[in-house]
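Peer 1: Shown below is the structure under consideration.
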Amino acid sequence: MLVSLEEMKLYLRVDSEYEDTLILQLLESAEKLCRDIIRADEENLKQAKTGKIAIMYTVAYFYEHREEADYKQLMLTLRSLLFGDRKDGF
């Protein structure tokens with residue numbers, strides 16, 4: 001994983017261990033979503049200039065908007081963040 005649980009909890013300002021499982025699941029989903037957007041594997045995402053911040057932004061978005069997430073807006077933001085690292089094809 002590109003972002004550790006501890007890093008993500010610090011970013012989210014979560015102190016307890018109560019939501020660790022949820023945050024780990026969100027990290028996995030965010031990483032996969034970012035990999036899909038740049039059309040690359042984990043290593044390429046690691047080398048992407050904005051890969052880590054895109055993952056952290058995605059997790060924070062999922063975490064904060066659990067009830068009313070606007071996925072279209074999220075995807076537009078992620079595409080903008082990751083456009084420079086996007087591969088031409090799979």
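All of the numbers you see were taken from the coordinates with simple rules; none came from a lab. Just so you know, these numbers come straight off a predicted model, no measurement behind them. Reconstructed Cβ throughout: ideal geometry from the backbone, glycine too, with neighbour counts over all protein chains shown.
Peer 1: Show me the trypsin sites (Lys or Arg not before Pro) within the stretch 17-90 that DSSP assigns to loop and that have at most 15 other Cβ atoms within 10 Å of their Cβ.
Peer 2: Those satisfying the criteria are ARG39, LYS49, ARG66, ARG86, LYS87.
Peer 1: Could you give the dipole magnitude of the chain about its Cα centre, charging the beta-carbon of Lys and Arg +1 and that of Asp and Glu -1, in debye to the nearest 20?
Peer 2: Dipole about the Cα centre, nearest 20: 540 debye.
Peer 1: Only sites in a loop by DSSP and with at most 15 other Cβ atoms within 10 Å count here; which GluC sites (Glu not before Pro) in the stretch 1-71 make the cut?
Peer 2: Answer in residue order: GLU17, GLU19, GLU67, GLU68.
Peer 1: Which ³J(HN,Hα) values in Hz, rounded to whole numbers, follow from the phi angles of the stretch 70-77 under the Karplus curve 6.51 cos²θ - 1.76 cosθ + 1.60, where θ = phi - 60° and Gly and Pro get x?
Peer 2: 9, 5, 4, 5, 4, 5, 4, 5
Peer 1: Moving on. Which one of CYS34, ALA60, VAL3 is farthest out on the positive end of the charge dipole of the chain, using unit charges on Cβ (Lys, Arg +1; Asp, Glu -1) and the Cα centre as origin?
Peer 2: After comparing all options, I get CYS34.
Peer 1: Give me the Debye-computed log₁₀ of I(q)/I(0) at q = 0.11, 0.15, 0.21, 0.26 Å⁻¹ for the stretch 5-85, equal point scatterers on Cα only, no solvent, two decimals.
Peer 2: Reported log10 I(q)/I(0), two decimals: -0.27, -0.50, -0.94, -1.29.
Peer 1: Could you work out the relative contact order of the chain, using alpha carbon pairs under 8 angstrom and six or more residues apart, expressed as a whole percent?
Peer 2: The value is 35 percent.
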